[in-house]
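Scroll down for the structure; my scribbles are underneath it.
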Amino acid sequence: QKEVEQNSGPLSVPEGAIASLNCTYSDRGSQSFFWYRQYSGKSPELIMFIYSNGDKEDGRFTAQLNKASQYVSLLIRDSQPSDSATYLCAVEGAQKLVFGQGTRLTINP
Amino acid sequence: KAGVTQTPRYLIKTRGQQVTLSCSPISGHRSVSWYQQTPGQGLQFLFEYFSETQRNKGNFPGRFSGRQFSNSRSEMNVSTLELGDSALYLCASSLDGRTYNQPQHFGDGTRLSIL
């Protein structure tokens, strides 16, 4: 079992809709969770981080964490074509960040 | 505030050679981590440095090594290059790293191609 799992996609969402990205992790001791966005040919850019169970909102982005289910998600409201990218889930584990393979998101105008 | 700076941006080498990549963290950041990104394996952790000491290491062969200087700048070295070392090498810095809950910020990466 991979330490951090994401659906590789591609996930296609119409412009203006809500995009939902999911991530599961295996290390129950993990305390910190991060979402990065990576455009093609670019480096990962930090979007959100969450440490506590529940929801954390920042503009159009909402991160959700459920430690009991070992599940973290990212919601993007009012999706824009500029949101088309690969989204990487990262989990702190064994004193390092472990990344999922990423979900490729495409927003269709 | 300047971001994480990696040099060079692109590098072409041949098998058997060695290469050194450089990373300057965000001012005030003392933790520097290195990652290898390939289409097949995704982002994989290489090692992390804090106060000139390697604190953590990923599952890479000894050909991959690094160091950190007193100004927190870091270098990564790969010796006896193999075709499979072709990848994007990313450096990320974080503020303190005494806890591991510090968000890491990435540089633009060095794209290494092995011929």
With the contact rule set at Cα under 8 Å and sequence spacing of 6 or more, what percent relative contact order holds for region B:1-75? 26
Once phi is turned into ³J(HN,Hα) by the Karplus curve 6.51 cos²θ - 1.76 cosθ + 1.60 with θ = phi - 60°, what whole-Hz value does each residue of region B:75-86 show in order, with x for glycine and proline? 10, 10, 10, 10, 9, 6, 4, 10, 4, x, 7, 4
Treat each spin label as a single point 7 Å out from the Cα along the C-beta direction, and report the B:F60 to A:R28 distance in nm. 3.3
For region A:39-54, what does the Karplus curve 6.51 cos²θ - 1.76 cosθ + 1.60, with θ = phi - 60°, yield as ³J(HN,Hα) per residue in whole Hz, taken in order and with x for Gly and Pro? 7, 4, x, 10, 8, x, 10, 5, 9, 8, 9, 9, 10, 10, 4, x
Expected integer from the mean partner chain Cβ neighbour count at 10 Å over B:28-37 is 1
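For peptide B:39-52, how many partner chain Cβ atoms fall within 10 Å of a residue's Cβ, on average?
Shielding by partners across B:39-52 averages 3.
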Give a residue-ordered list of calculated ³J(HN,Hα) values for region A:16-30 (Karplus: 6.51 cos²θ - 1.76 cosθ + 1.60, θ = phi - 60°; whole Hz; x for Gly, Pro). x, 8, 9, 9, 10, 10, 10, 8, 10, 9, 9, 7, 5, x, 5
Where does the charge balance sit around A:Y39 when Lys and Arg score +1, Asp and Glu -1, over other residues with C-beta under 14 Å from its C-beta? 0
Which of B:C23, B:C91 comes first, and how do the rest follow, when ranked by fewest Cβ neighbours within 10 Å? B:C23, B:C91
For B:R30, enumerate residues with amide H under 5 Å from its amide H, sequence gap 5+ or separate chain, H modeled in the peptide plane. B:S94, B:D96
Could you list the square roots of 5 times each eigenvalue of the Cα gyration tensor of chain A, that is, the equivalent ellipsoid semi-axes, sorted largest first and rounded to whole Å? 23, 15, 12
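Values quoted throughout were computed directly from the atomic coordinates according to the rules given, and no laboratory measurement underlies them. This is a predicted model, so every value here is computed, not measured. Backbone-built Cβ (ideal geometry, glycine too); neighbour counts: all protein chains shown.
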